[in-house]
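The values are calculated or read from the model by the stated rules, or taken from the named source; none is laboratory data. Predicted, not measured: the structure shown is a model, and the values here were computed from it. Because the Cβ atoms are built from the backbone with ideal geometry, glycine has one as well, and the counts that use them run over all protein chains shown. Ligands, DNA and RNA are stripped out before the accessible areas are found, and what is left, the full protein with its side chains, is counted by its heavy atoms. Shrake-Rupley method; radii C 1.70, N 1.55, O 1.52, S 1.80 Å.
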Amino acid sequence: MTDGRIVLCGANAYEQKYYFNEQFAAIPDSIKEELHIICVLFTEEVGGVFTIVFEEDGSVSLETDAKEDDFLYDEISSGLLIREIRRNRQEMLESLSLYYRVFILKENIELE
């Protein structure tokens, strides 16, 4: 957790590792598996490090980074792939945001 932000999960192409924050163990296994696939496939295709982060307000951010000397990292593809994930997984990302706001931030969400 840094600056009120909490990492949900991420993958690292350099160490070939996947991380899931156990603070969110209550998230359904099917969603956990989908997050795992998204993170690993992202780093397989683009390289670098990819993380899914909860912002202070409960919104979900998709972030990517690479070592400065990583000439194989594809910065253009990373931006395109993040947009594709946001478009294709919009409902899941919105559900994760709602989950975070209700169960972590303890917001009272009124259904309309």
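Taking the stretch 11-27 on its own, how many of its residues are assigned to a strand (DSSP E or B) and in contact with a Lys or Arg (Cβ under 9 Å, 6 or more places away or on another chain)? Counting residues in the stretch 11-27 that are assigned to a strand (DSSP E or B) and in contact with a Lys or Arg (Cβ under 9 Å, 6 or more places away or on another chain) gives 2. The set of residues from the stretch 53-86 being assigned to a helix (DSSP H, G or I) and more than 27 Å from Ala26 (Cβ to Cβ) comprises Glu75, Ile76, Ser77, Ser78, Gly79, Leu80, Leu81, Arg83, Glu84.
For the stretch 28-44, the set of residues classified as acidic (Asp, Glu) and either part of a strand (DSSP E or B) or farther than 18 Å from Tyr99 by Cβ (or both) consists of Glu44 only.
Table: residues versus (1) surrounded by 12 or more Cβ atoms within 10 Å (Cβ to Cβ); (2) not β-branched (Val, Ile, Thr).
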site	(1), (2)
Ala13	yes, yes
Phe20	yes, yes
Ala26	no, yes
Thr43	yes, no
Asp69	no, yes
Tyr73	yes, yes
Gly79	yes, yes
Asn88	no, yes
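Find the residue count for the stretch 90-112, including only residues that are surrounded by 11 or more Cβ atoms within 10 Å (Cβ to Cβ) and assigned to a helix (DSSP H, G or I).
First, the residues of the stretch 90-112 that are surrounded by 11 or more Cβ atoms within 10 Å (Cβ to Cβ): 92-105, 107.
Remaining after also requiring assigned to a helix (DSSP H, G or I): 92-104.
Adding up the residues that qualify gives 13.
Only one of Gly10, Gly4 is small (Gly, Ala, Ser), modelled with pLDDT under 95 and closer than 30 Å to Asn108 by Cα; which? Every option except Gly4 fails the conditions.
Only residues that are out of contact with any strand residue (DSSP E or B) (no Cβ under 6 Å at 6 or more places or on another chain), open to solvent by 90 Å² or more (accessible area, probe 1.4 Å) and closer than 15 Å to Gly10 by Cβ were counted across the stretch 52-66, and they come to 0.
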